[in-house]
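Peer 1: Mind looking over this structure? Questions follow.
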Amino acid sequence: MNKKIFCFIPARLKSSRLPNKMTLKIKGKTLLNFVHDICIKNKFFHEVYVATCDKVLKDMSKKNKSKVIMTSLKHKDCISRVVEAVKKKGNKINSSDYIVVVQGDEVCITKDILNKFCKVILNKKSEYYNLISKVHSKKDLLLNSVVKCALNNKDEIIFMTRHPIPFEKNAKLKTLENYRQSGIIAFTKKSLLRYTKLSQHYLEKFESIDMLRVLENGFKIQSYKIDKRMIGVDTLKDYKEVTKIL
C-alpha cells in the first residue's frame with residue numbers, strides 16, 4: 001500500500017508571545033494564508049488542512065479556499081491540536097500514512113524544501129522527523145526562543161535545548177555546527193496518536209519543548225538538515241525581520 005502524506009497547519013489567535021499573529025500580513029497575505037499557499041504547492045501532500053479553534057481564522061481560511069478542521073479551545077500545544085484534527089478525519093488517513101505538521105508561523109518555508117523533506121520521509125522509513133536549519137549567528141545560538149538540536153552520526157536528534165550546544169559561554173560559532181528546530185515535524189499517524197499517550201517527563205517540562213517527550217520515552221527523531229535560516233514568527237521582532245527578508 002502506498003503511503004500518503006497529509007499536511008496539517010495548526011493555528012490559533014491567542015499565542016502567548018504575539019497574540020493575533022496569524023492575521024499579520026506577509027506580502028499582502030495573512031501569515032496563515034501565506035504558509036497554507038506554500039503548502040498546497042507541495043506535490044507530495046495528499047491533502048492540506050488548517051486546524052484551528054478560532055472562528056476568525058476559520059473564516060479567513062475559508063475565504064482563502066483552505067480546508068479547515070475546527071478543534072477545541074483547550075489545547076495548549078500544536079501537536080495535541082493536530083491529533084484532534086487527524087482523529088476527525090477517521091479512516092481517511094491510514095495508520096501508516098504520514099502527518100506533516102507545518103506551524104502557521106513558519107513563513108520561511110518553501111515548496112522546494114517541503115518537497116525534499118517529504119522525499120526524506122518516504123525514503124528513511126522512520127516514525128518521527130523534524131526539519132532543522134543551520135544556526136548562522138551567535139545571536140541565534142544564545143537566544144532562549146531558538147531550540148537547539150544535538151545530533152548523532154546518523155543525523156538523529158538525541159537532545160533539544162534552549163541553551164547553546166555544547167554549553168560554553170566563550171564558544172566561537174565558527175568552530176561548531178549548530179542546528180535549530182523548526183516547527184515542521186512529521187509523524188506516522190500511528191506514532192502521532194501514540195505521542196498523546198506517552199508520559200511527560202522532567203526535560204520536556206523544564207525546557208518547554210514538545211518533542212522532548214519522544215526522546216525521553218526512548219524513540220528516535222530523524223532530522224532533515226537545511227542550510228537556510230528558518231525564522232518562526234514568535235515575536236514582533238521576528239515579524240519585522242521576516243518582512244524584510246521575504
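Peer 1: Could you list, ordered by first residue, the pairs with Cβ atoms under 6 Å in which the first is in the range 91-104 and among the polar types (S, T, N, Q) and the second is open to solvent by 60 Å² or more (accessible area, probe 1.4 Å), at least 6 apart or interchain?
Peer 2: S95/K190; S96/K3
Peer 1: Quick one: count up the residues across the range 1-15 that are farther than 18 Å from D59 by Cβ and over 17 Å from the mean Cα position of the chain (by Cα).
Peer 2: From the range 1-15, those farther than 18 Å from D59 by Cβ are 1-8, 15; that's our starting set.
Filter once more, so that each one left must be over 17 Å from the mean Cα position of the chain (by Cα): 1-4.
The number of residues fulfilling the criteria is 4.
Peer 1: Do we find that I69 is part of a strand (DSSP E or B) and under 23 Å from D112 (Cβ atoms) in this structure?
Peer 2: Values: part of a strand (DSSP E or B): yes; under 23 Å from D112 (Cβ atoms): no.
Here the answer is no, as I69 does not meet what is asked.
Peer 1: Related question: Looking at this structure, is E106 crowded, with 18+ Cβ neighbours inside 10 Å and among the charged types (D, E, K, R)? Break it down into steps so the answer makes sense when it comes.
Peer 2: Numbers: crowded, with 18+ Cβ neighbours inside 10 Å: yes; among the charged types (D, E, K, R): yes.
Yes; evaluated as a whole, the condition is true for this residue.
Peer 1: Look through the range 23-78, keep the residues that are more than 18 Å from K111 (Cβ to Cβ) and of a type in the set (D, E), and return whichever of them is least open to solvent (accessible area, probe 1.4 Å).
Peer 2: Looking at the filtered set, the residue picked out is D54.
Peer 1: Confirm whether L131 is part of a helix (DSSP H, G or I), open to solvent by less than 20 Å² (accessible area, probe 1.4 Å), modelled with pLDDT of 95 or more and under 14 Å from I226 (Cα atoms). Spell out how you get there, then give the answer.
Peer 2: Details: part of a helix (DSSP H, G or I): no; open to solvent by less than 20 Å² (accessible area, probe 1.4 Å): yes; modelled with pLDDT of 95 or more: yes; under 14 Å from I226 (Cα atoms): yes.
No: the conditions fail for L131.
Peer 1: Name the strands (runs of 3 or more DSSP E) wholly inside the range 150-244 in which the number of residues that are open to solvent by 50 Å² or more (accessible area, probe 1.4 Å) is 2 or more. Spell out the reasoning first.
Peer 2: Values: elements: 156-161, 179-188, 221-226.
Per the criteria, 156-161.
Peer 1: Which of (1) open to solvent by 20 Å² or more (accessible area, probe 1.4 Å); (2) not in a helix (DSSP H, G or I) is the odd one out, the single condition P10 does not satisfy?
Peer 2: Going through the list (1) open to solvent by 20 Å² or more (accessible area, probe 1.4 Å); (2) not in a helix (DSSP H, G or I), P10 breaks only (1).
The values are calculated or read from the model by the stated rules, or taken from the named source; none is laboratory data. These numbers were taken from a predicted model, which means no experiment stands behind them. We place every Cβ from the backbone using ideal geometry, glycine too, and count neighbours over all the protein chains shown. The accessibility values were calculated without ligands, DNA or RNA, using every heavy atom of the protein model including side chains. Shrake-Rupley method; radii C 1.70, N 1.55, O 1.52, S 1.80 Å.
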